[in-house]
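The values are calculated or read from the model by the stated rules, or taken from the named source; none is laboratory data. In this text the structure is predicted, and so the values were computed from the model without any measurement. Don't worry about glycine lacking a Cβ; one is built from the backbone with ideal geometry, like all the others, and counts go over all protein chains shown. Remember, those area values only see protein heavy atoms, side chains included, never the ligands or the DNA or RNA. Shrake-Rupley method; radii C 1.70, N 1.55, O 1.52, S 1.80 Å.
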Amino acid sequence: MTIKALPPAPLPAVQALYRLREGNRRFSQNLRSLDTTMGQAARASLAASQHPFAVILSCSDSRVPSEFVFDQGLGDLFVIRVAGNVVAPSLVGSVEFAAAAFGTRLVVVMGHSRCGAIKATLDFIQHSVDAPSENIHDIVDRCRPAVESVVHAAGPNVDRERLVHEAVRANVRQSCAHLRHGSRLLERFILEEGLLVVGADYSLDTGEVDFFDGLVR
């Protein structure tokens, strides 16, 4: 009789967050874990199944690859990338899929410094500079409520760099709130199974990730 191995128990959200913090600490210090799963053996072991310990919803920016930023290997992260780390139905569905199919209990929405989508949204709000296509404008529209709130609160004389920084973080908070309250499935996992949605901001200059929204106190 063949006995099938049971899948590993889902990693609790707090432990998953600690693992991401430690991985980013290594990355920002130009280190790499010897335990990071890579290569042919890793591909073979993961061919039949996967058990990612965290979901990362991040921007598509080429300078922000989550597996590098958190020093993780094949099969560790379920990564969803979209310009401006915005939330739309298909993206919510992707998060729901990971939470339901793999038992992943940590979701991180990660923005980054000098985000092009946020700059484009600011240009539209402040200078009526429209996006070059309807699809890009859809991304701007999804960022717009969060960015507008920052613009209105800041007033006319705020430094542009500071404004972008605050708008990036406001947009992350908006996406986190959408995931927490825009999905009945995720709401149930949050209430009953310890799922955690956390917002983060990645610095292109230092390589460090600041987790700033939704942390367990």
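Data overview
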{"item": "Test for residue 100: is it touching a residue at least 12 places away in the same chain (Cβ under 8 Å), exposed (fewer than 15 other Cβ atoms within 10 Å of the Cβ) and either touching an Asp or Glu at 6+ places or on another chain (Cβ under 6 Å) or under 30 Å from residue 18 (Cα atoms) (or both)", "result": "yes"}
{"item": "Residues of segment 173-202 that turn out to be outside any helix (DSSP H, G or I) and under 11 Å from the mean Cα position of the chain (by Cα), as a count", "result": "6"}
{"item": "All positions within segment 46-71 that are under 17 Å from residue 11 (Cβ atoms) and either modelled with pLDDT under 95 or open to solvent by 10 Å² or more (accessible area, probe 1.4 Å) (or both)", "result": "46, 49, 50, 51, 53, 67"}
{"item": "Selection from segment 156-174 of residues that are open to solvent by less than 60 Å² (accessible area, probe 1.4 Å) and over 15 Å from residue 115 (Cα atoms)", "result": "158, 174"}
{"item": "Residue within segment 110-118 that is part of a helix (DSSP H, G or I) and closer than 11 Å to residue 143 by Cα present", "result": "yes"}
{"item": "Conditions (1) under 16 Å from residue 202 (Cβ atoms); (2) touching an Asp or Glu at 6+ places or on another chain (Cβ under 7 Å): number failed by residue 170", "result": "(2)"}
{"item": "Qualifying positions in segment 31-45 - closer than 14 Å to residue 67 by Cα and modelled with pLDDT of 75 or more", "result": "31, 32, 33"}
{"item": "Any chance residue 153 is part of a helix (DSSP H, G or I), surrounded by 15 or more Cβ atoms within 10 Å (Cβ to Cβ) and of a type outside the set (Asp, Glu)", "result": "no"}
{"item": "In segment 175-213, residue nearest to residue 21 (Cα to Cα) [restricted to those that are among the polar types (S, T, N, Q) and open to solvent by less than 10 Å² (accessible area, probe 1.4 Å)]", "result": "175"}
